[in-house]
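S.K.: Quick one: the structure is below, questions incoming.
Taken together, the values in this text are just the output of simple stated rules run on the coordinates, not laboratory data. Values in this document were obtained by computation on a predicted structure and should not be read as measured data. Here the Cβ positions follow ideal geometry from the backbone for every residue, glycine too, while neighbour counts run over all protein chains shown.
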Amino acid sequence: MGLSSCASKGVCQASGKSQPALPLLQFQKAPCYGACPAYEANIMQDGSITLISWGNIGIPENDTVQLCLPKQELQQLKTDLAALNYTSLVDAYLTQWTDRPSTYLTFYENGKVAKRVKHQEGGPASLVTFQQQLHEKLLKLVKQKTEQP
């Protein structure tokens with residue numbers, strides 16, 4: 001699928017440096033037994049996102065698209081990450097049900113993994129809300145990307 005990068009439209013924040021942006025967050029929605037959206041989104045400090053489809057998100061499976069969070073939404077994501085207090089989360093929130101999809105969050109600090117959380121069920125309401133809002137935002141960006149002429 002020939003989807004162009006939004007960086008050429010100036011949406012992502014240019015750091016002015018020749019080095020690539022550092023990672024901020026990796027967000028993975030694992031496949032389930034049904035038609036669950038499944039993908040990996042690698043979100044960088046400058047708002048650029050590399051999203052790999054694993055199915056059911058409106059782009060072909062195994063396709064990769066480049067997305068960008070607008071400056072205001074990137075700032076909101078960083079605020080939400082700080083409010084989440086992810087270092088206090090436990091490593092896994094599991095369920096006994098085998099058909100429950102997993103969400104994986106990998107948090108970065110200074111380009112290095114700071115915390116990784118596997119979530120299937122339960123956990124703090126702030127974590128569930130954060131995941132849902134980010135998932136909806138990413139699917140919205142994918143939809144906008146696929147509707148571009």
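S.K.: Can you give the local net charge around ALA92? Use residues other than it whose beta-carbon is closer than 15 angstrom to its beta-carbon, Lys and Arg +1, Asp and Glu -1.
M.R.: +2
S.K.: Could you derive backbone 3J(HN,Hα) for segment 78-91 from the dihedral phi with the Karplus parameters 6.51, -1.76 and 1.60 (θ = phi - 60°), listing whole Hz in sequence and x where the residue is Gly or Pro?
M.R.: Ordered by residue, 3J(HN,Hα) equals 5, 5, 5, 4, 5, 5, 5, 6, 4, 5, 8, 6, 6, 6 Hz.
S.K.: Rank these for me by crowding, THR98, THR129, going from fewest to most other beta carbons within 10 Å.
M.R.: So the ranking, lowest neighbour count to highest, is THR98, THR129.
S.K.: Compute the separation of the alpha-carbon centres of segment 56-83 and segment 84-149 and state it in Å as a whole number.
M.R.: Here the two parts' Cα centres lie 12 Å apart.
S.K.: Helix-only estimate, please: 222 nm mean residue ellipticity of the chain, summing -39500 (n - 2.57) across DSSP H runs of length 4 or more and dividing by its residues, to the nearest 500.
M.R.: -8000 deg cm²/dmol
S.K.: Still on this structure, please answer the following. Fewest Cβ neighbours within 10 Å first, please rank ASP80, ASP46, ASP91 accordingly. It would help to have the intermediate numbers written out before the result.
M.R.: On the way: ASP80 14, ASP46 20, ASP91 9.
Fewest-to-most Cβ neighbours within 10 Å comes out as ASP91, ASP80, ASP46.
S.K.: Quick one: SER126, SER48, fewest Cβ neighbours within 10 Å first, how do they rank?
M.R.: SER126, SER48
S.K.: Let me ask another. Going toward the positive end of the dipole of the chain, with +1 on Lys and Arg Cβ and -1 on Asp and Glu Cβ, which of THR95, LEU81, GLN131 do you reach last?
M.R.: Working it through, the farthest residue towards the positive pole turns out to be LEU81.
S.K.: Just subtract the alpha-carbon distance of LEU22 and ASP91 from 0.36 nm times their residue separation and send over the number in nm, one decimal. Before the final figure, lay out each step's value.
M.R.: Working: separation 69, 0.36 × 69 = 24.84 nm, distance 2.29 nm.
My answer for the length gained is 22.6 nm.
S.K.: Pairs of Cα atoms under 8 Å, at least six residues apart: use those to get the relative contact order of the chain, whole percent.
M.R.: 23
S.K.: Moving on. Points 7 angstrom from Cα along the Cβ direction at LEU139 and VAL113: gap in nanometres?
M.R.: About 2.8 nm, to one decimal.
S.K.: Hey, another quick one. Loop only by DSSP, 12 or fewer other Cβ within 10 Å of the Cβ. Give me the chymotrypsin sites (Phe, Trp or Tyr not before Pro) in segment 36-106 that pass, ordered by residue number. Before the final figure, lay out the partial values.
M.R.: Values: sites: TYR39, TRP54, TYR86, TYR93, TRP97, TYR104; in loops: TRP97.
Within segment 36-106, the qualifying chymotrypsin sites (Phe, Trp or Tyr not before Pro) (loop, at most 12 other Cβ atoms within 10 Å) are TRP97.
S.K.: Extension gain THR98-THR129, at 0.36 nm per residue separation less the Cα-Cα distance, in nm? Show your work: numbers first, answer last.
M.R.: Working: separation 31, 0.36 × 31 = 11.16 nm, distance 2.25 nm.
Between THR98 and THR129, full extension yields 8.9 nm more.
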